[in-house]
Amino acid sequence: MKVKVKLFGILGQRFPGYYHEQGMDVEIPDGARVKDLLAHLEISKSFGGVVAVEGKLLTDAAKLENGAEVNIFQSVFGG
Amino acid sequence: MKFLRVDMSTKSVNVEDVPQEYMGLGGRGLTSIMINADVPATCDPLGPENKLIVAPGVLSGTSLVNTSRVSIGAKSPLTGTIKESNAGGTVAAALGHLGITAIIFENQVPDGELYIFRIDENGDASLITAQEYKGMRTYALSEKLLEAYGEKSSVLCIGPAGEQKLTAASIQTTDVDGRPCRAAGRGGLGAVMGSKGLKAIVVDQRGNSTDAIADPEAFKEAAKAFAKAVKDHPFSGQMLPALGTAGLIGPVNSMGAFPSLNATNGVMEGWEKVSGETLAQMIQDRGGKTGHMGCAQCIVHCSNEFVDKAGKYVTSSLEYETIWSMGGMTGIDDLDTIAQLDFLCDDIGVDTMSTGVAVAVAMDAGHKSFGDTEGAVQMVEEIAEGTELGKILGNGPAAVGKHFNHHRVPVAKGQSIAAYDPRAMQGNAVTYATSPMGADHTAGNVIGEYMAQKLDPLKAEGQVEASRNTQIAMASVDCTGLCLLASFALTTPEGGEAFVKAMSAKFGVALGPDDVPAMGIRVLKAEREFNRKAGFTNEDDRLAKFFYEEPLPPHNKVVLISDEEMDSTFDF
């Protein structure tokens, strides 16, 4: 299945040619979970990858749906 | 360790040794405990009984990175509560290098008088008449002061807003480049400074009488370890230098918690046009600066220099909160306009947050349309002009709401919320409602817990505990002069350990991890005591009514925290 991924923070810098407002289509197996997507994109836990779909933060175990618009950003604190 | 006590009615300056009961205190701990002890809680905040206290942190002036935060305390004319507002730049480090623990401004000048308070490189201080600076905006003022007293000077100053004693007036301070673009913004301390007849404080940066460190070798080692922890942390080490605090726009919109169009939606339409990523790209394309160092001894470099299409300087540093208040809240999705408004607020000396929200309330009330860029700029200019509407705007969103008889005014204890909607971050609802400072985000921002998946932002469970813990932690950090953005390194084992070791080495006592929160609890107790004496009760630890009644899209929640739960926040 395909998900539309937008990367925030400095995550986009790891993908040559990535433009943050455009996002990119990512192919992942049907039934893939958040942690599978992060592993596929090689975004490690220590880098603090946080995933949100439709305004909600998702856990690692959350399942992704075909066509979902996925925002991935680095863990932030408040200021 | 000296207090400088300045009597504005007699123009006398007295140097005192720090009394026993204030030993070991600094920053917010010092200002709050002293205000609670020495200021009658029911006094007129713009009258002679209020005091304005400027205090660097206990670590300011040491070699520890990111310790140039200054705390300014008083009774707030905006909220009527105790207030501490802090600012970065260079002045805290300068005061630390002079061994000055606090400057206490008391009483009041006769009508019409205006002064500059100057401290030279030997720590000698004097009041100098400043009539020629009356009405001057902060950029022109700072330029003149640096000319007069030397480039190696730190300036704290008010603009026309502070002189007019408007309750959203800020105290601006100069950054590493000498620009008055850093601010002790919240709570109207600029008005208190204006009421004391004080236009500026100028501190020489060349002091070399920093308070002795008990164990300099141990301190040096701990400082090195702490600096490493700051650099290793992905937020302070990578995200902030790349995008600044504006890097929060993506995540908070992605959570549906970005208060937009006067807090009627949790997502800003077109937020990607003003995101940290877009901002950084724009600045770089135009030849401005990202990863800019704004404050003394900073290794995070979260600041930026925004330039126009021709590469000319517009403002520094354009922050998340300002993009929120001037963009998200007003519906303005143009970074050039937002940057211009940021500059105007710094120059006039008003809190960018309160002012953006004031403009948004005026728009929501129908005075102008949301998204009206010219209208917004015109409104802010009116503050400097001192027109009738300008004064109302300069007194903040609650004043605007009252004037237009508008039902939607996003405040707690009279101060506006920050860029995290309480209905989509229930823990921040608790902080906004219960903080002794009024609605304040740096007092206890729970966002870190949500990002780490430890807590659900949309439910009531666990929020009071999370808010309590972060309010205690922040009250402790605010005593030290450490920047909030470097303080997240304290959440790692290495950073936390290094910091406790540094504090132990500084004071020559073996501090444990429990000693850090103990400080925060002490500060919060003093602040709540002052507020009680000032007439505040549990009934005041609530948010504006509409937060409990108007669901916020996209999650459509209201504030879910019960009164009983709110009242249990300070169960210590």
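Looking at B:Phe499, is it over 23 Å from B:Leu189 (Cβ atoms), among the aromatic types (Phe, Trp, Tyr) and at pLDDT 95 or above? So B:Phe499 passes the test.
Conditions tested, residue by residue: (1) assigned to a helix (DSSP H, G or I); (2) surrounded by fewer than 21 Cβ atoms within 10 Å (Cβ to Cβ).
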{"residue": "B:His403", "(1), (2)": "yes, yes"}
{"residue": "B:His406", "(1), (2)": "no, yes"}
{"residue": "B:Gly427", "(1), (2)": "yes, no"}
{"residue": "B:Thr431", "(1), (2)": "yes, no"}
{"residue": "B:Asp440", "(1), (2)": "no, no"}
{"residue": "B:Asp456", "(1), (2)": "no, yes"}
{"residue": "B:Lys459", "(1), (2)": "no, yes"}
{"residue": "B:Ser467", "(1), (2)": "yes, no"}
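On the stretch given as region B:442-492, residues that are on the phi > 0 side of the Ramachandran plot and more than 11 Å from chain A (Cβ to nearest Cβ) total 2.
Quick one: what pairs do we get from region B:420-447, first residue under 14 Å from B:Ala466 (Cβ atoms), second modelled with pLDDT under 95 and acidic (Asp, Glu), C-beta under 9 Å, 6+ apart or different chains? Pairs found: B:Gly427/B:Glu449.
Looking only at region A:42-55, decide whether some residue is more than 14 Å from every other protein chain (Cβ to nearest Cβ), modelled with pLDDT of 90 or more, out of contact with any strand residue (DSSP E or B) (no Cβ under 8 Å at 6 or more places or on another chain) and over 18 Å from B:Leu455 (Cβ atoms). Don't jump to the end; show me each part of the working.
First, pick out the residues of region A:42-55 that are more than 14 Å from every other protein chain (Cβ to nearest Cβ): A:42.
Those left that are additionally modelled with pLDDT of 90 or more: A:42.
Pick out the ones that are also out of contact with any strand residue (DSSP E or B) (no Cβ under 8 Å at 6 or more places or on another chain) and you get A:42.
Checking the rest, the ones that are also over 18 Å from B:Leu455 (Cβ atoms) come to A:42.
Yes, because at least one residue in region A:42-55 is more than 14 Å from every other protein chain (Cβ to nearest Cβ), modelled with pLDDT of 90 or more, out of contact with any strand residue (DSSP E or B) (no Cβ under 8 Å at 6 or more places or on another chain) and over 18 Å from B:Leu455 (Cβ atoms).
Just checking, how many residues over region B:267-284 are within 9 Å of chain A (Cβ to nearest Cβ), in a helix (DSSP H, G or I) and either surrounded by fewer than 22 Cβ atoms within 10 Å (Cβ to Cβ) or small (Gly, Ala, Ser) (or both)?
5
Of all residues in region B:241-266, which are more than 7 Å from chain A (Cβ to nearest Cβ), on the phi < 0 side of the Ramachandran plot, in a helix (DSSP H, G or I) and within 21 Å of the chain's Cα centre (by Cα)? Correct list: B:Pro241, B:Ala246, B:Ile249, B:Val252.
When you look at B:Gly294, is it buried (at least 23 other Cβ atoms within 10 Å of the Cβ), touching a strand residue (DSSP E or B) at 6+ places or on another chain (Cβ under 6 Å), closer than 16 Å to B:Cys483 by Cβ and away from chain A (no Cβ under 12 Å), yes or no? Considered against the rule, which asks whether it is buried (at least 23 other Cβ atoms within 10 Å of the Cβ), touching a strand residue (DSSP E or B) at 6+ places or on another chain (Cβ under 6 Å), closer than 16 Å to B:Cys483 by Cβ and away from chain A (no Cβ under 12 Å), B:Gly294 comes out as yes.
For every residue, the table says whether it meets (1) in a loop (DSSP other than H, G, I, E, B); (2) touching a residue at least 40 places away in the same chain (Cβ under 8 Å).
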site	(1), (2)
B:Phe306	no, no
B:Thr315	no, yes
B:Leu318	yes, yes
B:Thr322	no, no
B:Ser325	no, yes
B:Ile332	yes, yes
B:Asp336	no, no
B:Leu341	no, no
B:Gly356	no, no
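Does B:Leu318 qualify as being among the aliphatic types (A, V, I, L, M), under 26 Å from B:Ser85 (Cβ atoms) and surrounded by fewer than 24 Cβ atoms within 10 Å (Cβ to Cβ)? Talk me through it step by step, then tell me what you get.
Values: among the aliphatic types (A, V, I, L, M): yes; under 26 Å from B:Ser85 (Cβ atoms): yes; surrounded by fewer than 24 Cβ atoms within 10 Å (Cβ to Cβ): no.
For B:Leu318, the condition - among the aliphatic types (A, V, I, L, M), under 26 Å from B:Ser85 (Cβ atoms) and surrounded by fewer than 24 Cβ atoms within 10 Å (Cβ to Cβ) - is not met.
With respect to the conditions (1) within 9 Å of chain A (Cβ to nearest Cβ); (2) modelled with pLDDT under 95, B:His233 falls short on a single one, namely (1). Taking residues in region B:485-505 that are in a loop (DSSP other than H, G, I, E, B), and partners anywhere that are aliphatic (A, V, I, L, M), the pairs with Cβ atoms closer than 9 Å and at least 6 places apart or on different chains are B:Thr492/B:Ala229.
The lone criterion from (1) facing chain B (nearest Cβ under 10 Å); (2) in contact (Cβ under 8 Å) with a residue 60 or more places away in the chain; (3) surrounded by fewer than 18 Cβ atoms within 10 Å (Cβ to Cβ) left unmet by A:Glu65 is number (1). Of the strands (runs of 3 or more DSSP E) that lie entirely inside region B:28-112, those containing 2 or more residues that are touching a residue at least 12 places away in the same chain (Cβ under 8 Å), in contact with a Pro (Cβ under 7 Å, 6 or more places away or on another chain) and not acidic (Asp, Glu) span B:70-75.
The values are calculated or read from the model by the stated rules, or taken from the named source; none is laboratory data. Quantities reported herein were computed from a predicted structural model and do not represent experimental measurements. Quick reminder, even Gly has a Cβ in these numbers, built from the backbone with ideal geometry, and neighbours come from all protein chains shown.
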